[in-house]
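Okay, so here's the structure we're looking at.
The values are calculated or read from the model by the stated rules, or taken from the named source; none is laboratory data. In this text the structure is predicted, and so the values were computed from the model without any measurement. Please note: Cβ atoms are built from the backbone with ideal geometry, for glycine as well, and neighbour counts cover all protein chains shown.
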2 protein chains.
Amino acid sequence: MSATIKDIAKKVGVAPSTVSRVLANKSKYYNLETAEKVKRAAQELGYKKNQAAVELVKQHSNVIAAVVSSVKTNFAGEILDGIKDEASRHGYDLIIVYSNSADSKEQERALLTVIERPVLGVLLLSIALSENNLNLLKDSEIPYCFLSMGFDDNRPFVSSDDIEIGYKATKLLIENGHRNIGLAGIDMYPYTGRLRLDGYKKALQEIDVDPKDSWIQSGDYSYISGENAMSNYGKNTELTGIVCVSDMVAIGVLNQARNFGFKVPDDLSIVSIDGTEMCKIVQPQLTSISQDFYKMGIKGVQQITDNIGDKNQQFVSIHIEERESVKFIK
Amino acid sequence: MSATIKDIAKKVGVAPSTVSRVLANKSKYYNLETAEKVKRAAQELGYKKNQAAVELVKQHSNVIAAVVSSVKTNFAGEILDGIKDEASRHGYDLIIVYSNSADSKEQERALLTVIERPVLGVLLLSIALSENNLNLLKDSEIPYCFLSMGFDDNRPFVSSDDIEIGYKATKLLIENGHRNIGLAGIDMYPYTGRLRLDGYKKALQEIDVDPKDSWIQSGDYSYISGENAMSNYGKNTELTGIVCVSDMVAIGVLNQARNFGFKVPDDLSIVSIDGTEMCKIVQPQLTSISQDFYKMGIKGVQQITDNIGDKNQQFVSIHIEERESVKFIK
DNA sequence: TTGAAAGCGCTAACAT
DNA sequence: ATGTTAGCGCTTTCAA
């Protein structure tokens, strides 16, 4: 075992409490000479704080926990960057646990590995928590916040306004002359999906078009969902534009469209939702409704940290990035 | 504060140690009736283990720590999946910390947040540790292992054989009739890059071609490195095939080549290194030398876990995946 | 400015 | 099968 505070105390000839004060930098409470000696001794002995001991006595730590889903969400990185930056600005550490959204047992393990320690708070990155696991989290009395996911109950979250996303994406196509517009990859269970669908319908309603059922293809935000959606539309589709619920879905649609012999955007326009780097590495580059994932991370740590109290359901703004996948028609 | 073992003990009317035994499932050492009562009480009180206390007394935990670099390595997910699966097979938990490879101060924070707790071991996912931080890790006496990165000293690692990667990638092009072959995106500092370069040169040497300096374009495994490399080759390049050191580099090369008016693979062949999903979502799909990242994760936890002792530098096998970006010429 | 002492929640001998 | 006790490494009163 490595050196403890006692070893240092013995070596220097002071009490453990003095060492503790020095190492915790409680200046005013020690003089510089002893401090020097203590620090040197710590150095020499290769002292390393035992956080388990610290947390046990303090009953809290300065670590923030992030729970991410193991499904390949390519925006998780941006959120994490935001969390990390804001956390380190306040001197908090960040630990991440990895959970398969689908498996509630695995989800519980992930959750427990963080809430069994006195973490400052937990941030959930587009994780659909099971009923039980949500209760587990609530009962722990640790502050938490969902990121990139909204809810209709009173759970704290920071996300984009998904109605607005659906609306703006569709509207963008409409403004470019499109009327037969599909919605690809939406998943109906989470609130997010339903909201985007609402936005989509609202925009279409404004120009008096009533979307056929076949225009709305469900999926799970994955590449393959995109391919499937486009396959279902078929090579003779009446659609001239498609709203895709994620960048990966958009790429799936793009490739399958290409397999059908479509040229994008000449034969078919695509607008993607998310706006990650992926949009820029495909050809044509994808026009997108971009979310500010980085800021979600920042606001997330503020929320579990500041105890702002009431304003615990926040939206971050979205913006349109016009690239090359939308064409003006007619 | 939430309920402790003592609260349960009091409620049930037994000693704390009994509660501990029941909750730790040390069967044989308690009878079923008390066990029942204890468990029910724990349930009712919403008891949650305090891991800080457990770790303090046990001086070890069952958590494995993974350090990942915040640069967008798209294969980290696959390694993590391997780690997670193997870890949970043994009942270990996994926590991940996020570190910017470039900033040694940030790297230290990340490292400290895990080695200040009694973790089982730490896995470093393509992290170039600074001298100091490596010593920090060594001094902690916690088992560690580098993943997806080899070294010429005695550090434990599991990675692919990078000479073989460079060699096979180049050889594949040679077998398809190419002689003027570039190497794009290599970074010379880490051992990995030099090794791949060696493999590349070796393959070329076998057919008596001496690569010009301009054929070898350095970079940092990123998309932009790929674009730059191709820009430097120019639209009148003599190259007919290019080995790219990562999928992202390959995509950068692909897009820039397309900007020059090249058709891939008709005018230019590309072989990528890594073989992540990225290879399949671009058109044409990229032929790759694929690494078995998932297995690296598995072997990594075995290594820090088994104390296999000697065999602490392991390779996992690579394989060629022929897709659509290489054309037979002449 | 420093020391002594208590205690955080838990486990692991050792008794019984 | 269960209780008693000591102690993990640290922080924090309280006294000096």
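Search region A:1-13 for residues that are closer than 12 Å to A:N50 by Cβ and pair each with any residue that is in a loop (DSSP other than H, G, I, E, B) when their beta-carbon atoms are under 6 Å apart and the residues are at least 6 apart or on different chains. Correct list of pairs: A:S2/A:K48; A:A3/A:Y47. Here is a check on your reading of the model: is B:G185 under 19 Å from B:I83 (Cα atoms) and not charged (D, E, K, R)? Spelling it out, it is not the case that B:G185 is under 19 Å from B:I83 (Cα atoms) and not charged (D, E, K, R). For region A:31-57, residues that are within 8 Å of DNA strand C (Cβ to nearest atom) and within 29 Å of A:P118 (Cα to Cα) total 3. Residues in region A:218-239 that are among the charged types (D, E, K, R) and within 25 Å of the chain's Cα centre (by Cα) were compared, and the one that is nearest to A:I270 (Cα to Cα) is A:E227. Is it the case, given these coordinates, that B:Q51 is closer than 15 Å to A:R109 by Cα and over 20 Å from the mean Cα position of the chain (by Cα)? Spelling it out, B:Q51 is indeed closer than 15 Å to A:R109 by Cα and over 20 Å from the mean Cα position of the chain (by Cα).
Given the condition assigned to a helix (DSSP H, G or I), away from DNA strand D (no atom under 16 Å from the Cβ) and more than 30 Å from the chain's Cα centre (by Cα), answer yes or no: does some residue in region A:23-32 qualify? For region A:23-32, residues assigned to a helix (DSSP H, G or I), away from DNA strand D (no atom under 16 Å from the Cβ) and more than 30 Å from the chain's Cα centre (by Cα): present.
Every condition in (1) touching a Gly at 6+ places or on another chain (Cβ under 8 Å); (2) at positive phi; (3) not charged (D, E, K, R) holds for A:S126 except the one numbered (1). Out of A:I281, A:I270, A:I251, which single residue is more than 10 Å from chain B (Cβ to nearest Cβ), closer than 24 Å to B:P284 by Cβ and crowded, with 18+ Cβ neighbours inside 10 Å? So the residue among A:I281, A:I270, A:I251 that is more than 10 Å from chain B (Cβ to nearest Cβ), closer than 24 Å to B:P284 by Cβ and crowded, with 18+ Cβ neighbours inside 10 Å is A:I270. Have a look at A:R196, A:R155, A:R179 and point out the one that is over 17 Å from A:K263 (Cα atoms), among the charged types (D, E, K, R) and at pLDDT below 95. Within the list A:R196, A:R155, A:R179, the selection yields A:R155. Residues of region B:90-108 include none that is surrounded by 14 or more Cβ atoms within 10 Å (Cβ to Cβ) and within 8 Å of DNA strand C (Cβ to nearest atom). Would region B:141-151 turn up any residue that is without any contact (Cβ under 8 Å) to a residue 40 or more places away in the chain, surrounded by fewer than 20 Cβ atoms within 10 Å (Cβ to Cβ) and within 15 Å of A:I95 (Cβ to Cβ)? No. Kindly list the number of the only condition in (1) surrounded by fewer than 18 Cβ atoms within 10 Å (Cβ to Cβ); (2) within 16 Å of DNA strand C (Cβ to nearest atom); (3) in a helix (DSSP H, G or I); (4) within 14 Å of chain B (Cβ to nearest Cβ) that fails for A:H60. Looking at each condition in turn, A:H60 falls short on (3).
Of the set (1) within 19 Å of A:N132 (Cα to Cα); (2) in a helix (DSSP H, G or I); (3) at the interface with chain B (Cβ under 10 Å from one of its Cβ atoms), all apply to A:L111 but (3).
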